[in-house]
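**Student:** Have a look at this one.
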2 protein chains.
Amino acid sequence: MKILIVGGNGTIGKKVVTYFAQNYEVLIAGRNSGDVTVDISNSESIQQMFEKTGTVDAIVCVAGEAKWKPFNELSEEDYYLGFKSKLMGQVNLVRIGQHFLTKNGSVTLTTGILADDPVPMTASAAMVNGAIHSFVKAVVLDLEGQIRVNVVSSGLVEDAVEKYDAYFPGHNPIPMQKVINGYRKSVEGKGTGKIIKIYN
Amino acid sequence: MKILIVGGNGTIGKKVVTYFAQNYEVLIAGRNSGDVTVDISNSESIQQMFEKTGTVDAIVCVAGEAKWKPFNELSEEDYYLGFKSKLMGQVNLVRIGQHFLTKNGSVTLTTGILADDPVPMTASAAMVNGAIHSFVKAVVLDLEGQIRVNVVSSGLVEDAVEKYDAYFPGHNPIPMQKVINGYRKSVEGKGTGKIIKIYN
């Protein structure tokens with residue numbers, strides 16, 4: 001199996017790459033480094049990435065940004081940053097990536113617990129996560145029998161606790177092994193349209 | 001109580017207006033008609049609407065569009081239509097409307113069952129609904145003690161069955177009285193951050 005991991009150099013991405021690379025052929029796509037580079041907020045950049053990678057069996061996305069700010073400081077533009085990057089970036093990985101996937105190949109997107117259990121300053125970030133959850137449930141109805149699409153939504157991951165703990169009071173850190181298992185379930189399993197929630 | 005109902009001339013809006021007008025002062029905002037006109041996809045138009053209405057005790061939105069198309073026919077632009085109208089239109093009613101609401105006044109948004117139980121051709125429409133659900137949960141954390149924000153998410157409403165039944169096979173039509181009760185709960189109740197689901 002050949003797996004393209006977009007955002008393979010990030011906090012979660014690194015661990016996901018380490019696991020999959022033990023068992024499969026892995027291609028890393030990063031913004032500035034990796035086997036291929038990509039700006040997921042730009043659909044042409046995504047198209048160019050796939051033209052370089054050629055056909056793969058699985059696409060995993062652990063990339064995408066959204067603005068964290070108190071609601072009354074979020075500008076309209078701030079919301080559109082999330083729409084372009086974490087939201088449409090991931091949608092475009094499905095739209096464009098489907099043509100570079102083997103039959104029943106999978107796309108695995110990434111969101112997070114904010115969709116269901118947000119914290120302050122996440123009106124935009126939570127929104128983008130919730131959007132992707134509903135998108136995944138809907139899109140598979142139009143792609144049945146062609147490709148699989150799932151999303152991994154985890155709580156505050158252990159490797160990010162130092163940086164983000166103050167923003168997530170009382171949230172239980174999620175061991176990286178559990179996070180990896182979420183991606184395994186999507187890539188190595190047969191499910192589609194699943195929101196794989198890893199909140200405890 | 002003075003209630004502004006945006007989209008008060010629509011299928012759901014008409015019934016919501018009929019109920020609230022029996023008990024309160026109601027202002028209807030419509031795209032082309034009503035006590036005030038507004039294009040919710042344009043934040044300046046929203047600002048102008050509120051300058052005309054002045055302070056209100058409740059804002060109810062039953063307006064907003066998103067594109068219905070098979071996933072492989074949805075262009076990037078089609079998604080942005082939903083972002084501008086049903087998504088940011090409703091976000092902007094909170095952003096701008098909060099300054100025209102009495103203390104603990106409410107904003108009631110509208111989504112639908114697609115967020116949780118989509119049908120084909122709704123990758124964009126479902127996404128926008130899911131986005132608003134997570135937005136509502138998050139935004140109230142930043143607005144606590146200031147205003148209330150809830151969303152009514154109903155299934156296929158009885159008054160729309162004739163037009164949409166074929167798209168929602170097996171979905172139980174929701175009696176309009178139940179739908180109205182959802183809006184009552186938000187406006188007349190004290191809850192905030194609630195996704196009021198009326199799916200049966």
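Read-outs: derived from the displayed coordinates by stated rules, not from any lab. This one's a predicted model, so the numbers in the text were calculated from it and none came from an experiment. Please note: Cβ atoms are built from the backbone with ideal geometry, for glycine as well, and neighbour counts cover all protein chains shown.
**Student:** What 222 nm value per residue comes from the helices of the protein assembly as shown, counting each DSSP H run with n ≥ 4 as -39,500 (n - 2.57) and dividing by all residues, nearest 500 deg cm²/dmol?
**Tutor:** Details: 14 runs with 156 residues, N = 400.
So the helix-based figure for the protein assembly as shown works out to -12000 deg cm²/dmol.
**Student:** Given Cβ point charges of +1 (Lys, Arg) and -1 (Asp, Glu) and nothing else, what value in debye, to the nearest 20, does the dipole of region B:74-179 about its Cα centre take? Kindly include the intermediate steps, with their values, before the conclusion.
**Tutor:** Numbers: 8 positive and 11 negative charges, 102 e Å.
Dipole about the Cα centre, nearest 20: 500 debye.
**Student:** Which GluC sites (Glu not before Pro) in region B:100-200 sit in a loop by DSSP (not H, G, I, E or B) and have at most 16 other Cβ atoms within 10 Å of their own Cβ? Can you show the working numbers first?
**Tutor:** Values: sites: B:144, B:158, B:162, B:188; in loops: B:144.
Passing both the DSSP loop test and the Cβ count: B:144.
**Student:** May I pose another question? How large is ³J(HN,Hα) for each residue in region B:175-187, as worked out from phi by the Karplus curve 6.51 cos²θ - 1.76 cosθ + 1.60 (θ = phi - 60°), to whole Hz, x for Gly and Pro?
**Tutor:** x, 4, 5, 5, 5, 4, 4, x, 5, 4, 4, 6, 6
**Student:** Let me check against my output: what whole-number percent is the relative contact order of chain A, with C-alpha pairs under 8 Å and at least 6 apart? Before the final figure, lay out each step's value.
**Tutor:** Values: 399 pairs, mean separation 38.4, N = 200.
Here the relative contact order equals 19 percent.
**Student:** What does the average come to when, for each residue of peptide A:68-81, you count the partner chain Cβ atoms lying within 10 Å of its Cβ? Let's see the in-between values first.
**Tutor:** Working: counts 0, 1, 3, 13, 6, 1, 4, 1, 6, 0, 0, 8, 4, 0.
Whole-number average of other-chain Cβ neighbours for A:68-81 is 3.
**Student:** Output wanted: per-residue J couplings in Hz (rounded whole) for region B:104-114, from phi through Karplus 6.51 cos²θ - 1.76 cosθ + 1.60, θ = phi - 60°, x for Gly and Pro.
**Tutor:** Result, ordered by residue: 6, x, 10, 10, 10, 9, 10, 10, x, 4, 4 Hz.
**Student:** Also: For a quick check: with amide H placed at 1.01 Å from N, whose amide H comes under 5 Å from residue B:157's, ignoring anything fewer than 5 positions away on the same chain?
**Tutor:** Counting only residues 5 or more places away or on other chains, the set is B:174.
**Student:** Here's a follow-up. Excluding residue A:84 itself, what net charge comes from residues whose Cβ is under 12 Å from its Cβ, given Lys and Arg +1 and Asp and Glu -1?
**Tutor:** Working: positive: A:67, A:86; negative: A:39, A:65, A:77, A:78, B:76.
Every neighbour counted, the sum reads -3.
**Student:** Between region A:123-200 and region B:176-200, how far is it from one alpha carbon centroid to the other, in angstrom?
**Tutor:** Cα centres, region A:123-200 to region B:176-200: 29 Å.
**Student:** Once amide H atoms are built 1.01 Å from N in the peptide plane, which residues 5 or more positions from residue A:193, or in another chain, come under 5 Å H to H?
**Tutor:** Sorted by chain and number, the residues that satisfy this are A:149, A:150.
**Student:** Further question: Counting only other chains, and only Cβ atoms inside 10 Å, what mean value do you get across the residues of B:136-147?
**Tutor:** Working: counts 5, 10, 16, 9, 4, 9, 11, 4, 1, 0, 2, 0.
Neighbouring Cβ atoms belonging to other protein chains average 6 per residue here.
**Student:** Which net charge results when you count Lys and Arg as +1 and Asp and Glu as -1 among the other residues whose beta-carbon is under 13 Å from that of residue B:139?
**Tutor:** Working: positive: A:69, B:95, B:137, B:148, B:194; negative: A:73, B:142, B:144.
My count for the surroundings of residue B:139 gives +2.
**Student:** Among B:43, B:13, B:160, pick out the residue whose Cα is farthest towards the positive end of the charge dipole of chain B, where Lys and Arg carry +1 and Asp and Glu carry -1 on C-beta, about the Cα centre.
**Tutor:** B:13
**Student:** Here's a follow-up. I need the peptides A:38-45, B:128-135, A:166-173 ranked by packing, meaning the mean over residues of other C-beta atoms within 10 angstrom, with the highest value on top.
**Tutor:** Numbers: A:38-45: 18.4, B:128-135: 29.8, A:166-173: 12.1.
Ranking the peptides A:38-45, B:128-135, A:166-173 by packing returns B:128-135, A:38-45, A:166-173.
**Student:** Of the listed peptides A:68-75, A:52-59, what is their order by residue-averaged count of other C-beta atoms within 10 Å, with the highest listed first?
**Tutor:** Values: A:68-75: 16.2, A:52-59: 18.0.
The peptides rank, most packed first, as A:52-59, A:68-75.
**Student:** In debye, nearest 20, what is the charge dipole magnitude of region A:2-198 about its Cα centre with +1 on Lys and Arg Cβ and -1 on Asp and Glu Cβ, if you could check?
**Tutor:** On the way: 20 positive and 20 negative charges, 117 e Å.
Dipole size: approximately 560 debye.
**Student:** Moving to a separate point now. Have a look at A:149, A:171, A:111 and report the one farthest towards the positive end of the charge dipole of region A:103-192, computed about the Cα centre with Cβ charges (Lys/Arg +1, Asp/Glu -1).
**Tutor:** The residue sitting farthest along the positive end of the dipole is A:149.
**Student:** Over all residues in B:119-125, what is the mean tally of Cβ atoms on other chains that come within 10 Å of each residue's Cβ? Mind showing how you got there, number by number?
**Tutor:** Details: counts 3, 6, 3, 7, 14, 6, 2.
Neighbouring Cβ atoms belonging to other protein chains average 6 per residue here.
**Student:** If you don't mind, there's one more thing I want to ask. With 20 Å bins from zero, work out the P(r) of the protein assembly as shown over every alpha carbon pair and list the percent per bin.
**Tutor:** Each 20 Å bin holds this share of Cα pairs: 29, 55, 16, 0.
**Student:** What list of whole percents do you get for P(r) of region A:2-198, with Cα-Cα distances grouped in 10 Å bins up to the one holding the largest distance?
**Tutor:** 9, 38, 39, 13, 1
**Student:** Moving on. Count the net charge of all other residues whose Cβ sits under 15 Å from the Cβ of residue B:102, scoring Lys and Arg as +1 and Asp and Glu as -1. Please report the intermediate quantities before stating the final value.
**Tutor:** On the way: positive: B:2, B:103, B:148, B:190; negative: B:25, B:57, B:188.
Charge balance in the 15 Å sphere: +1.
**Student:** Another one. So, in Å, what gap is there between the alpha-carbon centers of region B:1-80 and region A:50-94?
**Tutor:** Each part's Cα centre sits 29 Å from the other's.
**Student:** Run the dipole for the protein assembly as shown about the Cα centre, Lys and Arg Cβ at +1, Asp and Glu Cβ at -1, nothing else charged, and hand back the magnitude in debye, nearest 20. All intermediate terms of the calculation are to be shown ahead of the outcome.
**Tutor:** Details: 40 positive and 40 negative charges, 154 e Å.
In debye, rounded to 20, the protein assembly as shown gives about 740.
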